[in-house]
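Data first, discussion second: the structure below is written as structure tokens.
The values are calculated or read from the model by the stated rules, or taken from the named source; none is laboratory data. As the structure is a prediction and not an experimental result, all values here were calculated from the model. Cβ coordinates were reconstructed from backbone atoms using ideal geometry, including for glycine residues, and neighbour counts include every protein chain displayed. These accessible areas exclude ligands, DNA and RNA; they are computed on the full protein's heavy atoms, side chains included. Shrake-Rupley method; radii C 1.70, N 1.55, O 1.52, S 1.80 Å.
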Amino acid sequence: GAVQDYDTIQNTGPTGSFAVEYYAFAPAASLRLYGFKGLRTNEASNTAYLTFNSTTSINGLSLFDQSALSISPFIEVSDFTMVTTKTFKFSFVLNFTTTETDPTLQCLSPNAELPTENTKMFRCSKCSHAKRCALETVYPPSGLAYQEFPFEMTIAGVSQLGMSATSFEVMYDTLWAAVSLDAPSYAKGPFFLTVAWTEPMDDVSVITPSFSSSGPSVDEEVMNQNYTVINSSAYKVLIAPSETGIVTISINGTSASEDLAGNTNDFRTISASRTGDSKTIIYSSGSPIVGSIAFSYASPAYSYEYEGDSSSTVTSSSLTVTWSGFTTATEYDIWITWGSNLSSEVSANLTTTSHTFANFEALLGIEYIVHLTARNYWGDETIVTKTFLRPSLNVVADGTVPALALPSFMSEHQTSVGFKIFVKENSFLSINELEVLTFRSADLESGDSDPCDAATESLKCTFINFHMEVPDTEFLVFRKPVRLQFNYGTLGWTDSYYRPQLRYWESYREEWMAAADSCPTDTYFEQWNDLHKIYTVAVCHLTQFAIFEYYDRITTTTVVAVSEEDSVTSDPLFFAAFFGAAAAVILFCVVLYLCRKLRHRRRFSSKPDKKEFEELGIKPMTDRVPNKIQVVGRSSSRIKFAGRSGSSLYAESLTGGHEDEEASPSDGELCVASGDEESQNLHSAGASPARTTPGAAGAGTLTTGAAGAAGAAGGGMGSPRMPGVVPTDSPRR
């Protein structure tokens, strides 16, 4: 209705104009420091701008002034000016505590309880970035060149504007920012990496992480596609390694890493501004990577050990195993096996990279297999084995100590086999002044011969396989043999049909030879004591040795020994056996000779009679050469050719081609007298004593050393040929 007064008089005309301003929201303030990109300054004198998002005036009246602005701890605000109804400008100068570095300054964790009510906690160069400097002060200490000291600037609320009170933290910042990395320590797949700075940065993404080349490569495309900025001081990226390994990530600040106060990490100008961080991630796409194993063996020194440590305090043997390179492994299990089924206890869930087996007495010739299980964070395992051999032992073998007890071996029954060597003085040649012997286990992995390769049904290999050498010497000859003794004991040798035998490896022939045969016959020695199960053998050669078991069912007691030291020639049994054997051999030879003689006599005892010659038409010698031959006996068996010089030539008669063994020297001797010159030339022509040889028809044949020469001389022996005498060139020969 119309406007009317108390008297009901209505006013229907215009009475005035009105201006109405509508406020949709209360003004909100923002603060900016001139010359800086945030509320951080490294200057003592500063200019600030306070800006509202809506007007602070109503009907031309400003409802905001300097009284609504304060700084704590107290700092005077000056030059307050309203630029617009929404913007105000003012200045302030920071106050400092004029003191040098206070000795009461402490470095505390950010959440630590303050020592006193007046203690101020802030960052400074005296403490690490993870700590805070705690000091009783109101203003920034002038003695600290690099610090982050906070102030609080408060804007009071204005009810007419509907504006509540607002506060801003202003930081006096002369300290550079520090960077850190955050990532999981273990990963089985792609993982996020967070890069964080201790304060807001001008450009948080200007510094990126780098990856070590020693680890697996990283897919950069995946990283670039999964880059996320969290705020002005942090961002994160996705890391995708290509394979199992240790991923090492590092980041370092540079002159490009600048905070909002203008402080950089240019360590070339301020060395203390250097910052960086690294992170190691054990990335497992499978089992841990295979690493390496090393051994260290300690044992008490022998008194006769060459160059042994006499000052050693080791009282018991031990084996220390160290390992490295098992990438991604977090814990380990380790144990040792040897022989057929022997084993040490398993040391499980180790987090170190070494382990010592105490009271571990390593035997010669035994291969100890060290087993190591490496397990990663996710339970994936890698098992590695390596062979350990007892280290070589050098002993002085000059004969000063004739019997040297050395480390034991192991029998097939896995009992200890005592080992001794016996060396006499001057056993080495004078050219070898270093009278030292080295004993070491055979190393099959390095190329030593495996005696089990030569095993047969009747020849078995054993655990005893070793080298006996002289240091730095390839060839050595002993003056005297070296004896080796192996004490098995009754528990170490139980088979009555097998015997031990030491053999050496002949590299040229590539075969195992009996070690006892390496010595000359007069120093040969090999003995098996079946009662005490002790095997002793003399050797004269240095090489690889091994004990074999050979089948010997017949022999139940064994003593095979001949040497200058252990001769058995003084034993009466030896003489009885020797002469008995000699008599048997002689008797056998006599019987054999008589049998052959009797057989020979029976074969040639019958001779043809004269009637048989006549029937064959063969004339006797007296008829064929009547003027040259004088019959001395009736039954002629020999003829004699006599020359002027008195020399004679005997020839066997040809009566049937067989000699009459029963005729006496006077019975049947024929004398052929030759008074002419021609017959004498037979002897002078070089004729040698004649012999009879069997002819084609069984008749005797007279041969001379120069039959051809005699025939050419003419006379009674030259032409015609003598009846009954055949020259050496005759076809009948």
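Can you go through SER212, SER250 and tell me which one is closer than 30 Å to VAL290 by Cα, open to solvent by 40 Å² or more (accessible area, probe 1.4 Å) and touching a strand residue (DSSP E or B) at 6+ places or on another chain (Cβ under 8 Å)? Explain how you work it out, then say what you get.
Values: SER250 fails: open to solvent by 40 Å² or more (accessible area, probe 1.4 Å).
SER212 is the lone residue from the list that is closer than 30 Å to VAL290 by Cα, open to solvent by 40 Å² or more (accessible area, probe 1.4 Å) and touching a strand residue (DSSP E or B) at 6+ places or on another chain (Cβ under 8 Å).
Is it fair to say PHE360 is touching a strand residue (DSSP E or B) at 6+ places or on another chain (Cβ under 6 Å) and open to solvent by 10 Å² or more (accessible area, probe 1.4 Å)? Outline the logic, then answer.
Working: touching a strand residue (DSSP E or B) at 6+ places or on another chain (Cβ under 6 Å): yes; open to solvent by 10 Å² or more (accessible area, probe 1.4 Å): yes.
Against the criterion (touching a strand residue (DSSP E or B) at 6+ places or on another chain (Cβ under 6 Å) and open to solvent by 10 Å² or more (accessible area, probe 1.4 Å)), PHE360 qualifies.
Run down ALA405, ALA397, ALA348 and say which single residue is open to solvent by less than 30 Å² (accessible area, probe 1.4 Å) and small (Gly, Ala, Ser). Spell out the reasoning first.
Working: ALA405 fails: open to solvent by less than 30 Å² (accessible area, probe 1.4 Å); ALA348 fails: open to solvent by less than 30 Å² (accessible area, probe 1.4 Å).
The conditions single out ALA397.
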Within the stretch 263-297, can you find the residues that are under 28 Å from the mean Cα position of the chain (by Cα) and either hydroxyl-bearing (Ser, Thr, Tyr) or surrounded by 16 or more Cβ atoms within 10 Å (Cβ to Cβ) (or both)? ILE282, SER284, SER287, PRO288, ILE289, GLY291, SER292, ILE293, PHE295, SER296, TYR297
Residues (over 54 Å from the mean Cα position of the chain (by Cα) and either in a strand (DSSP E or B) or under 25 Å from ASN263 (Cβ atoms) (or both)) located in the stretch 112-125: THR119, LYS120, MET121, PHE122, ARG123, CYS124
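Residue-by-condition table, conditions (1) in contact with a Lys or Arg (Cβ under 8 Å, 6 or more places away or on another chain); (2) assigned to a strand (DSSP E or B); (3) open to solvent by 30 Å² or more (accessible area, probe 1.4 Å):
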site: LEU161; (1), (2), (3): no, no, no
site: PHE168; (1), (2), (3): no, yes, yes
site: TRP176; (1), (2), (3): no, no, no
site: GLY189; (1), (2), (3): no, no, no
site: ASP203; (1), (2), (3): no, no, yes
site: THR208; (1), (2), (3): no, no, yes
Could you check LEU193 against (1) part of a loop (DSSP other than H, G, I, E, B); (2) of a type in the set (A, V, I, L, M); (3) in contact (Cβ under 8 Å) with a residue 40 or more places away in the chain and say which number it fails? (1)
Of the residues SER67, SER91, SER62, SER57, only one is within 30 Å of MET121 (Cβ to Cβ) and out of contact with any Gly (no Cβ under 8 Å at 6 or more places or on another chain); which? SER91
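Could you grab me the full set of residues in the stretch 143-159 that are open to solvent by 20 Å² or more (accessible area, probe 1.4 Å) and either at pLDDT 90 or above or touching a strand residue (DSSP E or B) at 6+ places or on another chain (Cβ under 6 Å) (or both)?
Keep residues of the stretch 143-159 that are open to solvent by 20 Å² or more (accessible area, probe 1.4 Å), which gives 143, 145-146, 150, 152, 154, 156-157, 159.
Within the stretch 143-159, TYR146, PRO150, GLU152, THR154, ALA156, GLY157 qualify.
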Looking only at the stretch 25-38, count how many residues are open to solvent by 40 Å² or more (accessible area, probe 1.4 Å), in a strand (DSSP E or B) and either polar (S, T, N, Q) or touching a residue at least 24 places away in the same chain (Cβ under 8 Å) (or both). 1
Among what's in the stretch 62-81 and is loosely packed, with under 14 Cβ neighbours inside 10 Å and of a type in the set (Gly, Ala, Ser), pick the residue that is nearest to PHE52 (Cα to Cα). SER62
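Which count do you get for residues in the stretch 178-187 that are aliphatic (A, V, I, L, M) and either free of Cβ contacts under 8 Å to residues at least 24 places away in the same chain or in a loop (DSSP other than H, G, I, E, B) (or both)? I'd like the intermediate steps shown before the answer.
Let us first name the residues in the stretch 178-187 that are aliphatic (A, V, I, L, M), namely 178-179, 181, 183, 187.
Pick out the ones that are also either free of Cβ contacts under 8 Å to residues at least 24 places away in the same chain or in a loop (DSSP other than H, G, I, E, B) (or both) and you get 178, 183.
Total satisfying the criteria: 2.
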Output the qualifying pairs, or none if there are none: Cβ atoms under 6 angstrom, residues six or more apart or on different chains, first residue in the stretch 225-252 and more than 14 Å from PHE191 (Cα to Cα), second residue open to solvent by 60 Å² or more (accessible area, probe 1.4 Å) and among the hydroxyl-bearing types (Ser, Thr, Tyr). SER250/SER278
Of all residues in the stretch 524-543, count the ones that are in contact with a strand residue (DSSP E or B) (Cβ under 7 Å, 6 or more places away or on another chain), of a type in the set (S, T, N, Q) and within 16 Å of GLN485 (Cα to Cα). 2
If we ask which residues in the stretch 417-472 are among the basic types (Lys, Arg) and either out of contact with any strand residue (DSSP E or B) (no Cβ under 6 Å at 6 or more places or on another chain) or closer than 14 Å to ALA397 by Cβ (or both), their number turns out to be 2
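Does THR41 satisfy being open to solvent by less than 40 Å² (accessible area, probe 1.4 Å), within 21 Å of LEU260 (Cβ to Cβ) and among the β-branched types (Val, Ile, Thr)?
yes
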When the stretch 272-302 is checked residue by residue, the ones that are free of Cβ contacts under 8 Å to residues at least 24 places away in the same chain and more than 30 Å from GLY215 (Cα to Cα) are ALA298, PRO300, ALA301
Output the residue which, of all residues in the stretch 215-234 that are of a type in the set (A, V, I, L, M, F, W, C) and surrounded by 13 or more Cβ atoms within 10 Å (Cβ to Cβ), is farthest from GLY325 (Cα to Cα). ALA234
Given (1) in a strand (DSSP E or B); (2) surrounded by fewer than 17 Cβ atoms within 10 Å (Cβ to Cβ), LEU372 misses just (2)
Only residues in the stretch 304-316 that are of a type in the set (D, E, K, R) count as the first member; pair them with residues that are modelled with pLDDT of 70 or more, Cβ under 8 angstrom, at least 6 apart or cross-chain, and list the lot. GLU305/LEU393; GLU305/ASN394; GLU305/VAL395; GLU305/VAL396; GLU307/ASN394; ASP309/ALA301
Which one is nearest to ALA29 (Cα to Cα) among residues in the stretch 53-81 that are in contact with an Asp or Glu (Cβ under 8 Å, 6 or more places away or on another chain) and without any contact (Cβ under 8 Å) to a residue 60 or more places away in the chain? PHE80
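Where in the stretch 487-537 are there strands (runs of 3 or more DSSP E), lying wholly inside it, with at least 1 residues that are open to solvent by less than 30 Å² (accessible area, probe 1.4 Å) and touching a Pro at 6+ places or on another chain (Cβ under 8 Å)? Walk me through how you get there before you give the answer.
On the way: elements: 498-506, 511-514, 525-529.
Counting at least 1 such residues, we get 511-514, 525-529.
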